[in-house]
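Single-structure report; data block below.
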Amino acid sequence: MNNTNYNMAVCGTSGAGKTGLIQPLIRSVLDSGGFAVVFDMGDGYKSLCENMGGVYLDGETLRF
C-alpha cells in the first residue's frame, strides 16, 4: 500500500518556537508540490500564506 497522506500536529506554549519550526517545513512541502492546512490562534502564518499565494481565512470572521 502506498501511503501518501501525512498528518502533523504541533503543540506548545506561547513563545516556544512552534511557528519558527514549522514555517520552513511548510515552505518545503509547498515548494515540492504539496499542500498545507494550518489552524493557528494568531496570525503567525498570514504572511507565509500570502507570500506563497495561499488563501488566508480569519477565524474571527467565519460564521457557521
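The values are calculated or read from the model by the stated rules, or taken from the named source; none is laboratory data. Predicted, not measured: the structure shown is a model, and the values here were computed from it. Here the Cβ positions follow ideal geometry from the backbone for every residue, glycine too, while neighbour counts run over all protein chains shown.
Brief remarks on what is shown
- Of all residues in the stretch 47-64, none that is touching a residue at least 12 places away in the same chain (Cβ under 8 Å) and more than 19 Å from G33 (Cα to Cα) has its Cβ atom under 9 Å from the Cβ atom of a residue that is aromatic (F, W, Y) and surrounded by 12 or more Cβ atoms within 10 Å (Cβ to Cβ), 6 or more apart or on another chain.
- Among (1) under 11 Å from the mean Cα position of the chain (by Cα); (2) of a type in the set (A, V, I, L, M, F, W, C); (3) exposed (fewer than 10 other Cβ atoms within 10 Å of the Cβ) - the single one L62 does not satisfy: (1)
- Pair list, Cβ under 7 Å, 6 or more apart: the stretch 32-44 residue among the β-branched types (V, I, T), other residue in a loop (DSSP other than H, G, I, E, B): V38/Y45
- Qualifying residue in the stretch 23-46 (condition: at pLDDT below 90 and charged (D, E, K, R)): yes
- Counted residues, the stretch 27-48 - those being surrounded by 10 or more Cβ atoms within 10 Å (Cβ to Cβ) and either within 20 Å of G59 (Cα to Cα) or touching a helix residue (DSSP H, G or I) at 6+ places or on another chain (Cβ under 6 Å) (or both): 9
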